[in-house]
Every structure is written in structure tokens, then in C-alpha cells.
1. So what are segment 6-68's ellipsoid semi-axes, whole angstrom, largest first, if each one is the square root of 5 times an eigenvalue of the alpha-carbon gyration tensor?
2. In whole Hz, what ³J(HN,Hα) sequence does segment 12-28 give by Karplus (6.51, -1.76, 1.60; θ = phi - 60°), x for Gly and Pro?
3. Sketch the reach of a paramagnetic label on residue 52 as a point 7 Å from Cα along Cα-to-Cβ, and name the residues of segment 19-40 whose backbone nitrogen lies under 18 Å away.
4. Helix 62-76 sits at what angle to the longest principal axis of the chain, using alpha carbons and giving 0 to 90 degrees rounded to 10?
5. Work out how much length residue 45 to residue 27 would gain on full extension: take 0.36 nm times their residue separation and subtract the Cα-Cα distance, in nm to one decimal.
6. Which order results if 20, 34, 51 are arranged by neighbouring Cβ count within 10 Å, fewest first?
7. Rank the residues 21, 44, 50 as a footprinting-exposure proxy: fewest other Cβ atoms within 10 Å of their Cβ go first.
8. As a footprinting exposure proxy, order 66, 16, 10 by other Cβ within 10 Å, with the fewest listed first.
Amino acid sequence: MQPRIFIGKVIKEKRVIHKITQAELAERSSLSSISISKCERNITEPSFETIIKLAKAFEMEVSEFVREIEESLEMVQTPD
């Protein structure tokens, strides 16, 4: 599986936890609603700049947001 699948999942989970719509997240992050939707649906993979904007919109440190993405990856990886 590709990491972007989990990035979209984390973005949507954080948005739902914050009880905001895609439009509200777009406004908070200075991104378009279409960009948010595409990231959540794994149509596009967010750039690092987008991840930074999203972290700020969720009032998180970028490292904390990236850590949550990493943790979602670790939960599904199988040992070699």
C-alpha cells in the first residue's frame, strides 16, 4: 500500500475530530476545497507545503502531524 492512502485517512480523521467541513479546513489552511477533497480521497498526494498548512490549520506542530501519519503506517505494516 502507498503512504498517501494513510495521509488522506489522517487528514479526514483530524477534520472530523475538529468538527469542521472540507470548506472550513480549506479556509483555515489557505487551500481549496477541491484540494482537501482530493487529498482525503487519495486522488492526489499532498506536498510537504500542504502538510505544513494542514498541520497549522489543525493547530498542531508539523512534527506531530507527520508522526500521526507515520503511526497510521506502522499499524498496518507486517513484519518481514
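Nothing in this text is a laboratory measurement; each read-out follows from the coordinates by a stated rule. Keep in mind that what you see is a predicted model, and the values were worked out from it rather than measured. Cβ sites come from the backbone with ideal geometry, for glycine too, and all protein chains shown count toward neighbours.
1. Over the Cα atoms of segment 6-68, the semi-axes work out to 14, 13, 11 Å.
2. Couplings: 5, 4, 5, 5, 5, 4, 7, 6, 10, 7, 4, 5, 5, 5, 4, 5, 5 Hz.
3. From segment 19-40, the list is 28-32.
4. 40 degrees
5. Stretched out fully, the residue 45 to residue 27 stretch lengthens by 4.6 nm.
6. On the way: 20 16, 34 12, 51 19.
Least crowded to most crowded, the residues run 34, 20, 51.
7. Least to most surrounded, the residues fall as 21, 44, 50.
8. Listed from fewest to most nearby Cβ atoms, that is 16, 66, 10.
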